[in-house]
Amino acid sequence: RLLQLGAAGARSQETRVVVLLPSRELAAQCHAVMSALARFTPLRVALVVGGLPAAAQEVVLRDRPDVVIATPGRLIDHLRNTARFSLD
């Protein structure tokens, strides 16, 4: 289902999967595996963790990736402070 396109073959304009992990190291490992699995698909995967520049993550989140892999603290921070990003 994650690979199915929206109406008329258009990409979905919403984040469809959030993977919440307790540590940035585990999130980074999960992101590496998911990126490898999605390599030959149109899926876009974003890593949202503390310790990396928040501004670069904001840019990626504004573009609505299909899958967001995140730690709780940084995800909450982006939900509160990043324009055009929500989990609605």
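Rank-order 36-42, 59-65, 81-87 by packing density, defined as the average count of other C-beta atoms within 10 Å over each peptide's residues, highest first.
Numbers: 36-42: 10.7, 59-65: 16.1, 81-87: 12.3.
Most protected by this proxy first, the peptides run 59-65, 81-87, 36-42.
Would you mind calculating the relative contact order of the chain from Cα pairs under 8 angstrom and at least 6 residues apart, reporting the percent as a whole number?
On the way: 111 pairs, mean separation 30.7, N = 88.
About 35 percent, as a whole number.
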Distance (nanometres) between label positions extended 7 Å along Cα→Cβ at LEU3 and ALA55: 3.8 nm
Taking 0.36 nm per intervening residue step and subtracting the Cα-Cα distance, what contour gain separates THR41 from GLN13 on full extension? 8.4 nm
State the label only: which of (i) 34, 29, 20; (ii) 38, 28, 19; (iii) 59, 27, 20 corresponds to Cα extents along the principal axes in Å computed from the shown model? (ii)
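Quick one: accessible area per residue over the chain, 1.4 Å probe, rounded to a whole number of Å²? Before the final figure, lay out each step's value.
Numbers: 5560 Å² over 88 residues.
Roughly 63 Å² per residue, with all protein chains present.
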If amide hydrogens are placed 1.01 Å from N in the peptide plane, which non-local residues have theirs closer than 5 Å to the one on ALA46? VAL67, VAL68, ILE69
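Using a probe of 1.4 angstrom, how much of the accessible area of the chain is carbon and sulfur, in percent?
On the way: 3260 of 5560 Å².
Carbon and sulfur atoms account for 59 percent of the accessible area of the chain.
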Any idea what the relative contact order of the stretch 24-68 is, in percent, if you count C-alpha pairs under 8 Å spaced at least 6 apart? 41 percent
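The values are calculated or read from the model by the stated rules, or taken from the named source; none is laboratory data. Here the structure is a predicted model, which means the values were calculated and not measured. Don't worry about glycine lacking a Cβ; one is built from the backbone with ideal geometry, like all the others, and counts go over all protein chains shown. Accessible surface areas use protein heavy atoms only, side chains included; no ligands, DNA or RNA. Shrake-Rupley method; radii C 1.70, N 1.55, O 1.52, S 1.80 Å.
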